[in-house]
Amino acid sequence: METHKGDNQGNYGSSAPNLVNRQTKANDTVINVNGIKIGGEEIVIIAGPCAVENREQLLETAKAVYSGGANILRGGAYKPRTSPYSFQGLGEEGLKYLSEARKETGLPVVTEVMDTRQMELVCNYTDIIQIGSRSMHNFPLLKEAGKCRKPVLFKRGLMATIDEYLNAAEYILSEGNDQVVLCERGIRTFETYTRNTLDLCAIPVLKRMSHLPVIVDPSHGTGHSWLVPAMTKAAIAAGADGIMVEVHNKPLDALSDGQQSLYPEEFVQLVKDIEKIAQAIGRKLYHHKPSLV
Ligand code: PEP
Ligand code: MN
């Protein structure tokens, strides 16, 4: 690894815990999800609604993101909401709609698991399990994810330092699962204009410290759909291996996070813009399209 005289960046690598540390494994980890590789040369685009709300909403949005160039479909069936009275997700019914959307579009799916008791069920339906920001410190859940044989999209805690984040990722690897994708989704700072402060520095830092792929979620990172394109492009320029964006067929009717969800047309434009950034930095978009069933 290249080091520069006069900086202390060589220390980054040595302070990361063992299994996630780039000094333990110099080569980038590339995760293969049904033929889509995360962490390789191609930039991976994950898109879909915040929550699975009903069959029609999910299928419409899934088809829109598929034709817009998404490689993986997202959608929460178990939602970690601030208020217990807000929509909590459809649970297993939502997982079934995700399976149906996968069948219709050929897109692999990612969905969040919040509880160790749901792990087996969620694993039976999904291609990638997501561990959300609020669960980053849930060590029993991390250990359970480490025991399962599915890739894990592991989000940074909203109040976690990079050191805490990598130590939490180490919990998953230490149980035998090295298929972990790191995801910067913004951290809480004194700034309230944006929902979170998207820490773009985390991208090169994490990639320097660890061999794991790093993606960025500019939707939760900003909280405003109009900010999503600029921050997505910045994330790609800064070296992210992929992005995860919220897209809704009718953002104004969304049961969660409508204000930060892109309209399908905005998503289509964004993918075109990302392609230019990717080319400028010597990368490309994933043009492998899963065949429509
Ligand atoms: C999500 O991606 O569905 C989500 C809830 O995000 P976060 O855990 O980053 O808040
Ligand atoms: Mn959301």
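The values are calculated or read from the model by the stated rules, or taken from the named source; none is laboratory data. Because the structure is a prediction, the values reported are computed rather than measured. So basically every Cβ, Gly included, is an ideal-geometry build from the backbone, and we count neighbours across all protein chains shown. The protein model used for the area step is the full one, side chains on, heavy atoms only, and it has no ligands, DNA or RNA in it. Shrake-Rupley method; radii C 1.70, N 1.55, O 1.52, S 1.80 Å.
Among residues of region 115-135 that are open to solvent by 40 Å² or more (accessible area, probe 1.4 Å), those with a Cβ under 6 angstrom from a residue that is within 12 Å of ligand 1 (Cβ to nearest atom), sequence gap 6+ or separate chain, pair up as Arg134/Pro80.
Checked against the criterion of being open to solvent by less than 70 Å² (accessible area, probe 1.4 Å) and of a type in the set (Lys, Arg), the candidates Lys155, Lys143, Lys96, Lys147 yield just one match: Lys155.
Have a look at Gly221, Gly242 and point out the one that is under 26 Å from Gly35 (Cβ atoms), modelled with pLDDT of 95 or more and surrounded by 22 or more Cβ atoms within 10 Å (Cβ to Cβ). Before the answer, list the steps.
Numbers: Gly221 fails: under 26 Å from Gly35 (Cβ atoms).
From the options Gly221, Gly242, the qualifying one is Gly242.
Test Glu184 against the criterion of being farther than 22 Å from Ile243 by Cβ and either of a type outside the set (S, T, N, Q) or touching a Leu at 6+ places or on another chain (Cβ under 6 Å) (or both), and give yes or no. Break it down stepwise before answering.
Working: farther than 22 Å from Ile243 by Cβ: no; either of a type outside the set (S, T, N, Q) or touching a Leu at 6+ places or on another chain (Cβ under 6 Å) (or both): yes.
Taking the combined requirement at face value, the residue does not satisfy it.
Counting only residues that are open to solvent by 30 Å² or more (accessible area, probe 1.4 Å) and of a type in the set (Lys, Arg), give me the strands (runs of 3 or more DSSP E) lying completely in region 16-66 with at least 1 of them.
Working: elements: 31-33, 36-38, 42-48.
Hits in region 16-66: 36-38.
Residues that are away from ligand 1 (no atom under 14 Å from the Cβ) and buried (at least 21 other Cβ atoms within 10 Å of the Cβ) within region 186-206 comprise Ile203, Leu206, listed in sequence order. The residue that is farthest from the chain's Cα centre (by Cα), among those in region 5-35 that are among the aliphatic types (A, V, I, L, M) and at pLDDT 95 or above, is Ala26. Does region 253-260 contain at least one residue that is within 22 Å of Ile131 (Cβ to Cβ) and either buried (at least 24 other Cβ atoms within 10 Å of the Cβ) or free of Cβ contacts under 8 Å to residues at least 60 places away in the same chain (or both)? Yes, the conditions are met somewhere in region 253-260. Checking region 265-280 against the condition returns no match, with no residue being assigned to a strand (DSSP E or B) and open to solvent by less than 50 Å² (accessible area, probe 1.4 Å).
Is it fair to say Ala240 is in contact with a helix residue (DSSP H, G or I) (Cβ under 8 Å, 6 or more places away or on another chain) and assigned to a helix (DSSP H, G or I)? So Ala240 does not fit the description; no.
Cβ-Cβ contacts under 7 Å between residues 6 or more apart (or on different chains), taken from a first residue in region 228-244 that is under 12 Å from Leu270 (Cα atoms) and of a type in the set (Asp, Glu) to a second residue that is open to solvent by 10 Å² or more (accessible area, probe 1.4 Å) and modelled with pLDDT under 95, are absent.
Mind listing just one residue for me: the one in region 67-80 that is surrounded by fewer than 23 Cβ atoms within 10 Å (Cβ to Cβ) and within 22 Å of Val268 (Cβ to Cβ) and, of those, farthest from ligand 1 (Cβ to nearest atom)?
If we filter region 67-80 for residues that are surrounded by fewer than 23 Cβ atoms within 10 Å (Cβ to Cβ), which is where we start, we get 67-69, 79-80.
Checking the rest, the ones that are also within 22 Å of Val268 (Cβ to Cβ) come to 67-69.
On the way: Ser67: 22, Gly68: 19, Gly69: 20 Å.
Across region 67-80, the extreme among qualifying residues is Ser67.
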